Amino acid sequence: ENSMAEPVLSLIIPVYNAEPFLEECFQSIVDQTFQQNFEVSIYNDKSTDGSALIIAEWQAKFKELNPNIVSVVVGLNDGTEGKGCGFAKNKSIAQSNGKFLCFLDSDDIMTPDRLEELYKACLEHPNSIIGSNFKRIPEDATARYTDWCIGLTTEQLLTQRFREVTIIQPTWCLSRDVFNAVGGYLPDTGEPEDMVFFYKHLSLGGGLYKVQKDLLIYRWHENMTSHKINRVTLMRYRVRAFEEQV
């Protein structure tokens, strides 16, 4: 019985009002070809839709649908309101056990080989934020940024870092040691928590590596958190990171 088995990797899944997308997202977890023990860590950040119900249904069946899922942890923010993405990711990570952390947004879909490919890359680049290429749905959403991101070579992940975060957060996988070194995500204050994390990681000498394969179907829709961050705020972080380098 492998219920005692330690997961080598934890999927970090913050959920906030993701009801229309959860079935596809969760199905992509059980469809993974990864042959090692892994964990599903879900944190429900005070969803007000039917998300909790879908999470409860899947919580009962994840392990039977994929025997490599050895642990399913579900946390809930029982406060008065959602506290945001950074908060939910920190909570999801705090309740998880894997040596490696693989992020999955609740509105995205993994390709079946995603965990396998990212885990392999993590072992080869243990001090790096690992990411991958991705497909966008709808296909024409944010076409310029998508094309730029996908076109980046390994060297450009670093040289282009002041233009934008060169590895998009929904594709990230990293070791718990890397996460702890950075100190986690800022609680949500309208700041771009992925950008702050990314630049802090680099300032500590951390690396970047991208698997040049589409391992995620990345969904664009009106309610996405990334819309809510002011462009001026983003620019301020890029400039600050640049000045610290110079």
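The values are calculated or read from the model by the stated rules, or taken from the named source; none is laboratory data. All values derive from a computational prediction rather than experimental measurement. Note that we place each Cβ from the backbone using ideal geometry, even for glycine, and neighbour counts take in every protein chain shown. The accessibility values were calculated without ligands, DNA or RNA, using every heavy atom of the protein model including side chains. Shrake-Rupley method; radii C 1.70, N 1.55, O 1.52, S 1.80 Å.
Below, the figures for the structure above:
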{"read-out": "Residue in the range 205-214 that is in a strand (DSSP E or B), modelled with pLDDT of 90 or more and among the small types (Gly, Ala, Ser) present", "value": "yes"}
{"read-out": "Considering residues of the range 147-185 that are modelled with pLDDT of 90 or more and β-branched (Val, Ile, Thr) only, the residue surrounded by the fewest Cβ atoms within 10 Å (Cβ to Cβ)", "value": "Val182"}
{"read-out": "The listed residue being under 19 Å from Tyr218 (Cβ atoms) and part of a strand (DSSP E or B), out of Ile29, Ile12", "value": "Ile12"}
{"read-out": "Spans of helices (runs of 4 or more DSSP H) in the range 43-146 with at least 3 residues surrounded by fewer than 16 Cβ atoms within 10 Å (Cβ to Cβ) and aliphatic (A, V, I, L, M)", "value": "51-65"}
{"read-out": "Cross-chain or 6+ apart pairs with Cβ under 6 Å, the range 91-105 first and without any contact (Cβ under 8 Å) to a residue 40 or more places away in the chain and under 13 Å from Glu193 (Cβ atoms), then among the β-branched types (Val, Ile, Thr) and not in a strand (DSSP E or B)", "value": "none"}
{"read-out": "Residue in the range 4-32 that is nearest to Asn90 (Cα to Cα), counting only those that are hydroxyl-bearing (Ser, Thr, Tyr) and open to solvent by less than 60 Å² (accessible area, probe 1.4 Å)", "value": "Ser10"}
{"read-out": "Subset tally (residues that are over 17 Å from Asp107 (Cβ atoms) and among the polar types (S, T, N, Q)) for the range 42-63", "value": "1"}
{"read-out": "Any chance Glu24 is of a type in the set (D, E, K, R), in a helix (DSSP H, G or I) and in contact (Cβ under 8 Å) with a residue 40 or more places away in the chain", "value": "yes"}
